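Single-structure report; data block below.
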Amino acid sequence: MPARKPPGTAWSSAADRVRLSKLSGAAVARLSAERRWGFSALELRRIQQYFRQARREPTDVEVAGLAQSWSEHCSYKSSRPILRAAFRPLQQDRRVLGVGDAGVMRLGRTLAYALRIESHNHPSAIEPYGGAATGIGGILRDVLAVGAEPVALADPLFFGPLQGGAEPPEGVKRPGYLFDGVIAGIRDYGNRVGVPTVAGLIGFAPEYLVNPLVNVGCVGLLPARRLLANRAHAVGDQLVLVGGDTARDGIGGVAFASQELREVSEEESRGAVQLGNPILKEPLIRACLQAYDRGLVQGVKDLGGGGLASASGELVHAGGFGSLIDLDQVPLREAGLRPWEIWISESQERMLLDVAPKDVDELRAIFRQLDVPATVVGSVTTGEFERLRYHGELVANLRLSFRVDPPPAPRTLRRPARSHPEPGLAEESDLGSLATELLLSPESVSRESIIRQYDHEVRGRTVLKPLHGRADSPSHGDAAVIAAEPDGPMGLAIAVAAQPAACAASPRAGGSWTVEELARNLYAVGGKPDALTNCLNFGNPEDPIVLGSFADCVAGLAAAAKALGFAVPSGNVSFYNGGLGHAIPPTPVVMGVGILPDIARAVTSDLKRPGDSLYLLGPNGPELGGSLYARLRGHTDWAVPPPDPAGLRRRGEKLIALGSRGQLRAVHDVSDGGLAVTLAEMAFGGQLGFEVDLSRIDGGSPAERLVAEGGSRWVVEVAEQDRPEFERAMRAEPCVRMGAVREGRGLLRNGGESVAALDLQALYRRWRAGPSATAPMSA
């Protein structure tokens, strides 16, 4: 009678063999396309070579796991070398406590905060409600996975035009349907899980017609001692899967996110969109935090893209260990899942915890009390192999370094020569009509109708809300502020920024402008820039021009971050945005945090008192490249002005010093729409008017002065008694007193000549209506 093999060494018939060894390159490529693995020809040859050396054929479980880990979404195989060179120096800052699923920064002596931003672009293009909702769910898990309690959310979004745009191609949903679904998904998930959405932006442009961008960010707080690593701790530790049950939703999500959209994307990939459950997420967060506080968790990974395959592989490999996992122990929500489906399912609300054997029972008791499943599915082993079993028999046995750490993909960068005509403003004689056009553009109108759907005050930490101004006339602010501690004065300012038009015209300068805008927003409320996280949304990295733009944008982001004092402890890359003849512009999005020593000194954007002086702080030249005016007039190739992060930092720190002494009444950064929009938004919030003399601003015609954006500029309201101190502080800076706060209308002058009188009350009613989708809730 033949000897029996030890348990777990016999191969299971539940896993199918994939016959690769004798297939030609063309045949293997066809098989990869049919099964939607997403491997390149070079990667397929590497897989064939590995298994020829192992003298066997791979199982479908092994190939499925490789497809997840080698996807662009998980491996960053096109961007890794570029990111490492640019951002690693900005992660070696002494303020950075950890770099993992989220970045972690010191906050005072005993606290820390975590920050991360992610994308859920492709899922939201297919199923906007579910895609956006599970984007929020995923970013909450990223912050939870470093030991932090999520306390604030942000949602930078980009869509095609809601009205008057081109018809979407076949297979693409209308922008209005996507817009309504995405907002509803973010609203419902964030509100139900009880985390406030306090910051965001919404952009509209034809380039996002096929591929909307749904980026979501999160900030969390933690005692510094609770920081957790995203790696396994010791041999023998138990791998405990906690949270939701596993089903077929989300299978192949990372492969779907690593290709351009096509006419058949919805038909082929709707199953790749996950199903969220915020009602389970809230107790999952509480249970994890209780377990963390009791010291029961040694390491943790969230189950996002690639599911259990990615989470377990990355957790164990980072610790230098191997693993043994029993797939039949994974709790299922539906019957009949094959082992490979269990392995790569992206079902939501799941975390994988590394727990010492002695602590498993106590951990289970915590989760049982909150009615959250917790199941031991494997253990940490010696060596470097990952062994998977199904009902006691092997279905996979792979070297972890081979599976989870693929080499960078060979890519080519190209930087085409760009010609940039100098901006030249056409004759714009009616400045009132020009200001109205900019103010009522979809890029400028009020976001109140969206912000009001989000609960931005739940948890009671929100000190400065997304809308500034009077309760009956709210207007746009630059950043929100949350309390960092229940009884202390310290606060965190949170803001987002993006400059896709500038990045398209000049990628390196545009990258710097993006960080400069973020810093202006934080400085405006009194926050000292501390850390940023980036979501880099680009097209196909196999296009050398796209990758060249990516490299230049990253270089600009890193240079500006360094000059402005930002650490960059985390980030995300989203490639393959576009398809069907449409390509998005380079769209790096940043979310940043600034530190306020005293939240009582936070500054808002709304005008406060008639008679106060209005100053334009910052360079006064007519800088139009990348501006809203240029976009509305079709001048996308106008030269982008050179960045000046050092000058911005100098002026910003002076603003912080003045604000900390209570010597600033209001501050608002000059961005989309130039002075025309900035002044109107400040007036709306205070139900006041203004009188401004454009002739006091250097350079260009009155129209150019009104619409120019440039960078490093704010409008500042200063009380009469504080003018001497303000002017002393800014005597070495480009700063001009251009007017004053008044009752009633918004008056624009050019010397002694009146050039416009804006009926601000009438404009406010139109502006407050916000962006609206006329299409019904149908695709």
Q. Taking residue 289, is it open to solvent by 10 Å² or more (accessible area, probe 1.4 Å), of a type outside the set (Phe, Trp, Tyr), touching a residue at least 40 places away in the same chain (Cβ under 8 Å) and not in a loop (DSSP other than H, G, I, E, B)?
A. yes
Q) Could you list, in sequence order, the residues of the stretch 745-756 that are under 40 Å from the mean Cα position of the chain (by Cα) and either among the hydrophobic types (A, V, I, L, M, F, W, C) or modelled with pLDDT under 95 (or both)? A) 747, 748, 756
Q: Scan (1) touching a Leu at 6+ places or on another chain (Cβ under 8 Å); (2) open to solvent by 10 Å² or more (accessible area, probe 1.4 Å); (3) closer than 29 Å to residue 411 by Cβ for the single condition residue 541 breaks and write down its number.
A: (2)
Q. Looking at this structure, is residue 650 over 27 Å from the mean Cα position of the chain (by Cα), within 30 Å of residue 117 (Cα to Cα) and surrounded by fewer than 20 Cβ atoms within 10 Å (Cβ to Cβ)?
A. yes
Q) Residues 715, 677: which one is part of a helix (DSSP H, G or I) and either open to solvent by 40 Å² or more (accessible area, probe 1.4 Å) or in contact (Cβ under 8 Å) with a residue 60 or more places away in the chain (or both)? A) 677
(Q) Among the listed residues 700, 685, identify the single one that is outside any strand (DSSP E or B), in contact with a Pro (Cβ under 8 Å, 6 or more places away or on another chain) and modelled with pLDDT of 95 or more. (A) 685
Q: Restricting attention to strands (runs of 3 or more DSSP E) lying wholly within the stretch 435-516, give those where 1 or more residues are small (Gly, Ala, Ser) and open to solvent by less than 30 Å² (accessible area, probe 1.4 Å).
A: 473-476, 480-483, 491-498
Q. So how many residues does the stretch 226-264 have that are farther than 24 Å from residue 309 by Cβ, modelled with pLDDT of 95 or more and more than 23 Å from the chain's Cα centre (by Cα)?
A. 1
(Q) Residues that are within 25 Å of residue 251 (Cβ to Cβ) and either open to solvent by 20 Å² or more (accessible area, probe 1.4 Å) or free of Cβ contacts under 8 Å to residues at least 40 places away in the same chain (or both): does the stretch 303-315 have at least one? (A) yes
Q.
Please return the ranges of helices (runs of 4 or more DSSP H) entirely within the stretch 57-145 where 2 or more residues are buried (at least 24 other Cβ atoms within 10 Å of the Cβ).
A. 60-69, 121-126, 128-144
(Q) Could you check the stretch 413-426 and list, in sequence order, the residues that are free of Cβ contacts under 8 Å to residues at least 24 places away in the same chain and open to solvent by 100 Å² or more (accessible area, probe 1.4 Å)? (A) 417
Q.
Regarding the stretch 756-771, can at least one residue be identified that is aromatic (Phe, Trp, Tyr) and under 20 Å from residue 526 (Cβ atoms)?
A. no
Q. Which numbered condition trips up residue 452, out of (1) in contact (Cβ under 8 Å) with a residue 60 or more places away in the chain; (2) within 23 Å of the chain's Cα centre (by Cα)?
A. (1)
Q.
With the requirement that a residue be open to solvent by less than 50 Å² (accessible area, probe 1.4 Å) and either without any contact (Cβ under 8 Å) to a residue 60 or more places away in the chain or not hydroxyl-bearing (Ser, Thr, Tyr) (or both), what does the stretch 42-53 give you?
A. 43, 44, 47, 48, 51
Q: Spot the failing condition for residue 691; the list is (1) among the acidic types (Asp, Glu); (2) at pLDDT 95 or above; (3) within 31 Å of the chain's Cα centre (by Cα), and only one is missed.
A: (3)
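Do we find a residue being open to solvent by less than 10 Å² (accessible area, probe 1.4 Å) and under 28 Å from the mean Cα position of the chain (by Cα) anywhere in the stretch 609-624?
yes
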(Q) Checking the conditions here, which among 443, 516 is in contact (Cβ under 8 Å) with a residue 12 or more places away in the chain, under 30 Å from residue 413 (Cβ atoms) and of a type in the set (D, E, K, R)? (A) 516
Q) Of all residues in the stretch 718-756, which are open to solvent by less than 30 Å² (accessible area, probe 1.4 Å), under 21 Å from residue 650 (Cβ atoms) and assigned to a loop (DSSP other than H, G, I, E, B)? A) 730, 733
Q) Could you list, in sequence order, the residues of the stretch 367-403 that are under 22 Å from residue 355 (Cβ atoms), modelled with pLDDT under 95 and crowded, with 17+ Cβ neighbours inside 10 Å? A) none
Q: Hey, could you check the stretch 658-673 for residues that are open to solvent by less than 40 Å² (accessible area, probe 1.4 Å) and assigned to a helix (DSSP H, G or I) and say which is farthest from residue 523 (Cα to Cα)?
A: 658
Q.
Given the condition at pLDDT below 95 and open to solvent by less than 30 Å² (accessible area, probe 1.4 Å), answer yes or no: does some residue in the stretch 757-772 qualify?
A. yes
Q. Under 7 Å by Cβ, and 6 or more places apart or on different chains, what pairs join a residue from the stretch 327-353 that is modelled with pLDDT under 95 and among the small types (Gly, Ala, Ser) with one that is assigned to a helix (DSSP H, G or I) and crowded, with 24+ Cβ neighbours inside 10 Å?
A. 345/307
Q) Since residue 564 meets every condition but one in (1) under 18 Å from residue 95 (Cα atoms); (2) surrounded by fewer than 21 Cβ atoms within 10 Å (Cβ to Cβ), which condition does it not meet? A) (2)
Q) Which is closer than 18 Å to residue 406 by Cα and in contact with a helix residue (DSSP H, G or I) (Cβ under 9 Å, 6 or more places away or on another chain), of 32, 21? A) 32
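The values are calculated or read from the model by the stated rules, or taken from the named source; none is laboratory data. Predicted, not measured: the structure shown is a model, and the values here were computed from it. Don't worry about glycine lacking a Cβ; one is built from the backbone with ideal geometry, like all the others, and counts go over all protein chains shown. SASA here: full protein model, heavy atoms, side chains in, ligands and nucleic acids out. Shrake-Rupley method; radii C 1.70, N 1.55, O 1.52, S 1.80 Å.
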